[in-house]
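The values are calculated or read from the model by the stated rules, or taken from the named source; none is laboratory data. Values in this document were obtained by computation on a predicted structure and should not be read as measured data. Here the Cβ positions follow ideal geometry from the backbone for every residue, glycine too, while neighbour counts run over all protein chains shown.
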Amino acid sequence: MHREKILFVYKEPSTFVKTDRQILAEKYDITDYCFRPVRGLGKTALEMVKQFFFLLLNGWKFDKTYVWFADYHSFLPVWFAHLYGKKSFLVIGGYDICRERSLTYGAFCSKFRGFFTAQSIKNATVNLTVSQYVDRKVGYVFPKAKHEMIYNCINMQTNETAKQKEKLILCVALIESQRTFLRKGIDTFLELAAHVPDYRLALIGPNKAAMALFPKPLPKNISVFERLPHAELASYFEKASFYCQLSRVEIFGIAIGEAMLNYCIPLVTNEGGMPEVVGKTGVIVPRDAQKIAEEIRRLEVMDTSAQRKECRDRILELFSLEQRTKALLEAIEKY
């Protein structure tokens, strides 16, 4: 039986990129093209030249092109797919539709990246957005571009029954710079420690360079870890009573969903796609450490077992691997 061929383009092999590749490989023959992220205009131009000749010689071989994120790496794959009369699917993850000048965050903060991003979105057969928030932004900025919302999924093995929760508040955030430190609201998370001295706070994800951004000494009830092995990270999700994501910009929030799947109650700011993830099962909080602490005190005296189960059920119902698999394969067939 003939299987159609898909060119699968990405920059970083993140969890959600790997998940989509796994989904598509069930039905299609996949050829990977990793556009190596490099610093500097000259090096980026060289990578684009390499990509140009790859597509010139090989682009015609593929029935469809699938690209994660719109940016300079998506421009040529989308353009060549159009040139060869093939379908192109562009996943819009959020950075590619943002322009947060105060945080220098988003593809449209740069004219160079903004041009390639805009052309990719305009020329793709369909833009696959990962949340309603992103879908609305694409529709507003590019009203003529075709777009369809398919939620990201939480692809994590967990225990079906809740384990004993500890007085632990968790935050998972990949911090690489002062910019991501502020974007993820880590300053507020650190402030929270003084208001809940009887809780342990754990922050997981800063790289070595980012560790210098933290005050020394840290509050006694805060622990900061670099990336942890999956099994160790999973144990923190299992133990944590509450999960905090206090971001200034957050497009979706995979870690929020992973926490909810492990019966954690999420406390999130009213930013981006986070309210969509938590729904009524979590708590929308202001970026105010005192008020966040008050919410924690309110919850800790309640029987939250039913609420914790609702958190898990919401993820299983709306953001499961099965849900994304079905919707994504249907979209690829439909266009």
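Out of the residues in segment 90-111 that are among the small types (Gly, Ala, Ser) and under 14 Å from the mean Cα position of the chain (by Cα), state the one that is modelled with the lowest pLDDT.
Step by step, filter segment 90-111, then rank; the result is GLY106.
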Within segment 66-77, can one find any residue that is over 21 Å from GLU333 (Cα atoms) and either in contact with a Cys (Cβ under 7 Å, 6 or more places away or on another chain) or aliphatic (A, V, I, L, M) (or both)? yes
Give the residue, chosen from LEU228, LEU203, that is of a type in the set (A, V, I, L, M, F, W, C) and either surrounded by fewer than 18 Cβ atoms within 10 Å (Cβ to Cβ) or in contact (Cβ under 8 Å) with a residue 40 or more places away in the chain (or both). LEU228
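When you scan segment 172-283 for strands (runs of 3 or more DSSP E) that lie fully inside it, which ones turn up with 2 or more residues that are modelled with pLDDT of 95 or more?
Working: elements: 200-204, 222-225, 240-245, 265-268.
Here the list reads 200-204, 240-245, 265-268.
Being buried (at least 16 other Cβ atoms within 10 Å of the Cβ), over 18 Å from the mean Cα position of the chain (by Cα) and not hydroxyl-bearing (Ser, Thr, Tyr) is the requirement here; does GLU191 meet it? First the steps, then the outcome.
Values: buried (at least 16 other Cβ atoms within 10 Å of the Cβ): yes; over 18 Å from the mean Cα position of the chain (by Cα): yes; not hydroxyl-bearing (Ser, Thr, Tyr): yes.
Spelling it out, GLU191 is indeed buried (at least 16 other Cβ atoms within 10 Å of the Cβ), over 18 Å from the mean Cα position of the chain (by Cα) and not hydroxyl-bearing (Ser, Thr, Tyr).
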State which residue is surrounded by the fewest Cβ atoms within 10 Å (Cβ to Cβ) when the search covers only segment 271-291 and only residues that are among the hydrophobic types (A, V, I, L, M, F, W, C) and closer than 21 Å to LEU261 by Cβ. ILE284
Near pairs, Cβ below 6 angstrom, 6+ apart or cross-chain, from segment 240-267 (touching a residue at least 12 places away in the same chain (Cβ under 8 Å)) to any residue that is of a type in the set (Lys, Arg): SER241/LYS165; LEU246/ARG287; SER247/LYS184; ARG248/ARG183; VAL249/ARG183; LEU261/ARG312; TYR263/ARG308; TYR263/ARG312
Inspect segment 39-59 for any residue being modelled with pLDDT of 95 or more and hydroxyl-bearing (Ser, Thr, Tyr) and give the result as yes or no. no
Looking at GLU300, GLU330, GLU294, can you tell me which residue is farther than 17 Å from ILE254 by Cβ, free of Cβ contacts under 8 Å to residues at least 40 places away in the same chain and surrounded by 13 or more Cβ atoms within 10 Å (Cβ to Cβ)? GLU294
Residue hits (segment 18-57; farther than 21 Å from THR117 by Cβ, assigned to a helix (DSSP H, G or I) and touching a residue at least 40 places away in the same chain (Cβ under 8 Å)) are THR19, ILE23, LEU24
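Could you please let me know if ILE332 is part of a helix (DSSP H, G or I), on the phi < 0 side of the Ramachandran plot, within 17 Å of the chain's Cα centre (by Cα) and β-branched (Val, Ile, Thr)? Working first, answer last.
Working: part of a helix (DSSP H, G or I): yes; on the phi < 0 side of the Ramachandran plot: yes; within 17 Å of the chain's Cα centre (by Cα): no; β-branched (Val, Ile, Thr): yes.
Criteria not met by ILE332.
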So ILE175 fits all but one of (1) surrounded by 20 or more Cβ atoms within 10 Å (Cβ to Cβ); (2) not assigned by TED's automatic domain parsing to the domain that holds PRO197; what number is the exception? (2)
Note on MET302: of the conditions (1) among the aliphatic types (A, V, I, L, M); (2) under 23 Å from ASN270 (Cβ atoms); (3) assigned to a helix (DSSP H, G or I), unmet is (3)
Options LEU329, LEU316, LEU261, LEU246; residue that is closer than 23 Å to ASP187 by Cβ and of a type in the set (A, V, I, L, M): LEU246
Which of the strands (runs of 3 or more DSSP E) contained wholly in segment 70-158 include at least 1 residues that are crowded, with 23+ Cβ neighbours inside 10 Å and touching a His at 6+ places or on another chain (Cβ under 8 Å)? 87-92, 126-129
